[in-house]
Amino acid sequence: MSGIAFDSTEKLTDYQQLVDYFHEGGKESQDHRIGVEFEAFLYCKKTMRRLQYDDGLVTLPQVLQELHRRHGWKLIEENGRVISATDGSSFIHFEPGGQIELSTGAYENVCDIYQAMLKYTGNLKEIGKDLGFGMTLVGVWPMEFPTNQLIIARDRYKILRQRLLQQKGLGPEMMTNSACIHVNLDYKSEEDMRAKFYVGLALQPFITVLCANSPFHGGEVKSDLCYRQRIWQDTDAARCDYLSFGLDPDMKFERYVDYAMAVPSIFMSREGKVLETGFAPFQDIFDGKLGLEATMADWENHLTTLFPSVRSKRHLELRGADILPTLEHIASLTAFWVGLFYDEQSLAGAQEYLRQFSKENFVDLDHLSPQSKLQDGFAHTTIQEVLQEMFKIAREGLNRRVPTGDCKNESKMLDPLARLLETGKSPAEHAREKYTPDSFKDYILDHSVF
């Protein structure tokens, strides 16, 4: 859930305003940009425990305060507590379990995204060396960790937790114990959105399998390779389901609006205060049934509380991957989506290839994705073979893109994931071969950026 509360006071009086919100997000191809969000776990190197907000040898606020003191990041507070920071384009904030998340600024090419990630982790590495903490890239924290409390007790997190507890599933684990990657890309028009939503949604289960990096949890080896995906599947069906309507050839912005309107709301914001909604569907907020006039900010905030694998705002977010073991892998996943989405020939080629499969094929794979392997069958082929074809199309798209800045060969950024794909095994499968519960500390250290 976004760390930023929107504050537009534009009143919502007409359904068309909600549809137009998405139409207005369309940008010409030359204005398309790339953004990445990724989460990670910070831990104390002496105790091998995750950093807390108030307790421990080093605390989460100290990390942000040092970023401010040494590198000029501007601190952002809520109720007198430091909860995030910005350097003017990128944002850092803490998830409910203390996971640290970087939201990059918008960049023209994948090389610049990679450099932004290197700068961010370089700043943290310098501080971590002095304060004694590390940052590890695993999809789920492998050792025992309490999920019955919020490390970052923000008002909106408290309300979301109430909702997830009502669902009696693994929602608290999602909030406190998981880490993933979002790749954010633009669309030109409703037609362009439809094509990208289809390709993105069809491929999310494949990407979940390829990027599986969460085979351990609670001090145990799980039966799932992507336990993070299992957690998400048992969190809150209304806001986390696989949006199979996005595979329909007549998908429109109105369909996404109708979906979002029916999802139970989490909060509203007025004059800087977070207000509970009783989990009423957004339709009730729009209709004024909560006693307040609905605003565009209510709509924008609500959209950040929807967690499907492809999420639409004024851009598209691809959200199906575990955090990957290295920054190079994260950049590689970004390059994959850029190669498919930002070249018209590649986008058309991906659609043509994927249309041979049925909606049911994709829905079934999404259901099975936590436990699936690259070598598993899919329809008349295999998961690995589908991905190999998609990587080929993505590389061709990257090669056709006009170079910008110092990024002369974007397709090289695709190599780390392409090499992983050729091994026929996900990071989780490789990890299972190397680590046991007795060596989970080594697993954390080996997957650490610093």
Residue pairs, Cβ under 9 Å, 6 or more apart or interchain, first in segment 408-431 and within 17 Å of LEU374 (Cβ to Cβ) and at pLDDT 95 or above, second hydroxyl-bearing (Ser, Thr, Tyr) and surrounded by fewer than 20 Cβ atoms within 10 Å (Cβ to Cβ). List them. PRO416/THR326; GLU429/THR423; HIS430/THR423
Filter segment 235-278 down to residues that are assigned to a helix (DSSP H, G or I) and aromatic (Phe, Trp, Tyr) and give me whichever is surrounded by the fewest Cβ atoms within 10 Å (Cβ to Cβ). PHE245
Taking ILE285 as meeting all but one of (1) buried (at least 21 other Cβ atoms within 10 Å of the Cβ); (2) touching a residue at least 24 places away in the same chain (Cβ under 8 Å); (3) assigned to a helix (DSSP H, G or I), write down the number of the exception. (2)
Quick check on segment 351-409: of everything there that is assigned to a helix (DSSP H, G or I) and acidic (Asp, Glu), which residue is surrounded by the most Cβ atoms within 10 Å (Cβ to Cβ)? ASP366
Would you check if LEU340 is in contact with a Lys or Arg (Cβ under 9 Å, 6 or more places away or on another chain), part of a strand (DSSP E or B) and crowded, with 22+ Cβ neighbours inside 10 Å? no
Considering each of ASP54, ASP112 in turn, give the residue that is at pLDDT below 95 and among the charged types (D, E, K, R). ASP54
Limited to segment 14-30, what total is found for residues that are surrounded by fewer than 11 Cβ atoms within 10 Å (Cβ to Cβ) and closer than 17 Å to GLN283 by Cβ? 1
Considering each of GLY80, GLY72, GLY139, GLY132 in turn, give the residue that is more than 30 Å from GLU191 (Cβ to Cβ) and at pLDDT below 95. GLY80
Does any residue in segment 88-101 that is more than 12 Å from LEU124 (Cβ to Cβ) come within less than 7 Å, Cβ to Cβ, of a residue that is basic (Lys, Arg) and modelled with pLDDT of 95 or more six or more places away or on a different chain, and which pairs are these? GLY98/ARG50
Determine the pairs where a residue that is closer than 19 Å to ALA106 by Cβ, located within segment 303-332, has a partner that is aromatic (Phe, Trp, Tyr) and part of a strand (DSSP E or B) with Cβ atoms under 6 Å apart, the partner being 6 or more residues away or on another chain. ILE330/PHE38
In segment 184-232, residue farthest from the chain's Cα centre (by Cα) [restricted to those that are closer than 30 Å to SER29 by Cα and assigned to a strand (DSSP E or B)]: LEU185
Just one of (1) more than 21 Å from LEU327 (Cβ to Cβ); (2) touching a residue at least 60 places away in the same chain (Cβ under 8 Å); (3) crowded, with 20+ Cβ neighbours inside 10 Å trips up TYR443, so point out which. (1)
Output for Cβ contacts, cut-off 7 Å, separation at least six or different chains, first residue surrounded by fewer than 16 Cβ atoms within 10 Å (Cβ to Cβ) in segment 61-86, second hydroxyl-bearing (Ser, Thr, Tyr), reads LYS74/THR86
Spot the failing condition for LEU318; the list is (1) closer than 30 Å to GLU271 by Cα; (2) part of a strand (DSSP E or B); (3) touching a Gly at 6+ places or on another chain (Cβ under 8 Å), and only one is missed. (1)
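Quick grid of which residues meet (1) surrounded by 22 or more Cβ atoms within 10 Å (Cβ to Cβ); (2) outside any strand (DSSP E or B); (3) modelled with pLDDT of 95 or more; (4) not basic (Lys, Arg):
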{"position": "GLY105", "(1), (2), (3), (4)": "no, yes, yes, yes"}
{"position": "LEU118", "(1), (2), (3), (4)": "no, yes, yes, yes"}
{"position": "LEU124", "(1), (2), (3), (4)": "yes, yes, yes, yes"}
{"position": "GLY128", "(1), (2), (3), (4)": "yes, yes, yes, yes"}
{"position": "PHE145", "(1), (2), (3), (4)": "no, yes, no, yes"}
{"position": "ALA153", "(1), (2), (3), (4)": "no, yes, no, yes"}
{"position": "LEU160", "(1), (2), (3), (4)": "yes, yes, yes, yes"}
{"position": "HIS182", "(1), (2), (3), (4)": "no, no, yes, yes"}
Do we have any residue at all in segment 204-214 that's modelled with pLDDT of 95 or more and over 13 Å from SER369 (Cα atoms)? no
Looking only at segment 241-254, decide whether some residue is small (Gly, Ala, Ser) and at pLDDT below 95. no
Taking segment 168-189 and keeping only residues that are polar (S, T, N, Q) and either out of contact with any Ser or Thr (no Cβ under 7 Å at 6 or more places or on another chain) or at positive phi (or both), one is left with SER178, ASN184, SER189
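The values are calculated or read from the model by the stated rules, or taken from the named source; none is laboratory data. Note that the structure is a prediction, hence the values are computed from the model and not measured. Note that each Cβ is placed from the backbone with ideal geometry, even for glycine, and that neighbours are counted across all protein chains shown.
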